[in-house]
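Visitor: My questions all concern the structure below.
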Amino acid sequence: IRVKRVWHSGKLRARQTAELLQWAVLPRGEVEERPGLGPEDPVGPLADEAAGWEDDTLLVGHLPFVDRLVARLVTGDEAASVCAFVPGTAVCLERNGEGGWRVAWMLPPEVLAKEER
C-alpha cells in the first residue's frame, strides 16, 4: 500500500499511529495534522472534499467519526451501518466507478497486531 498523504486528527494516539504507518505507506513526505478528523466532527466537509480526491489518502481518526464518514461515503447516509468498527480497525475505500465509494477491504486490530510481531 502506498499513499500520497497521511492525515491525522492531532490527538496523541492518532498522531502516533500515523507516524508508525508513515514508513510503510508514505514513500515521501510527512504526516499532517488535519482539522475536521476529531471524534465528534461533522463528516460532511471531508466527505464533500473526498469527492474530488485523485490521490490515495490515509486518514487516522477516531470513532464515531470514521464510522460515520465511511457510511456517508459508501451509502450517502452517515447514520447507516456499513462496517463493525472497533478501535484500531483499518478500512480501505475505493471508487466504485459510479462516482461513489465501496469498501475494498477491512482489517480488525488483531490482524494488524500480528503484522507488528
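A short reminder: the numbers here are calculations on the coordinates, not readings from a lab. Model, not experiment: these values are computed from the prediction. Note that we place each Cβ from the backbone using ideal geometry, even for glycine, and neighbour counts take in every protein chain shown.
Visitor: What pairs can you find where one residue is in the range 85-104 and among the aromatic types (Phe, Trp, Tyr), the other is in a strand (DSSP E or B), and their Cβ atoms are less than 6 Å apart, with a gap of 6+ or different chains?
Guide: TRP101/LEU93
Visitor: Please go through the range 35-69 and give me each residue that is in contact with a strand residue (DSSP E or B) (Cβ under 6 Å, 6 or more places away or on another chain) and surrounded by 20 or more Cβ atoms within 10 Å (Cβ to Cβ), ordered by number.
Guide: LEU58, LEU59, VAL60
Visitor: Based on this model, can you work out whether LEU93 counts as buried (at least 17 other Cβ atoms within 10 Å of the Cβ) and in a helix (DSSP H, G or I)?
Guide: Here the answer is no, as LEU93 does not meet what is asked.
Visitor: On to the next question. Residues of the range 93-112 being β-branched (Val, Ile, Thr) and more than 23 Å from GLU49 (Cβ to Cβ), which ones?
Guide: The answer is VAL111, and nothing else.
Visitor: Among what's in the range 5-29 and is part of a loop (DSSP other than H, G, I, E, B) and in contact (Cβ under 8 Å) with a residue 12 or more places away in the chain, pick the residue that is nearest to ARG68 (Cα to Cα).
Guide: SER9
Visitor: Within the set of pairs 6+ apart or on separate chains, which have a first residue in the range 42-56 that is free of Cβ contacts under 8 Å to residues at least 12 places away in the same chain, a second that is of a type outside the set (S, T, N, Q) and assigned to a loop (DSSP other than H, G, I, E, B), and C-beta atoms under 7 Å apart?
Guide: Matching pairs, first to second residue: PRO45/GLY36.
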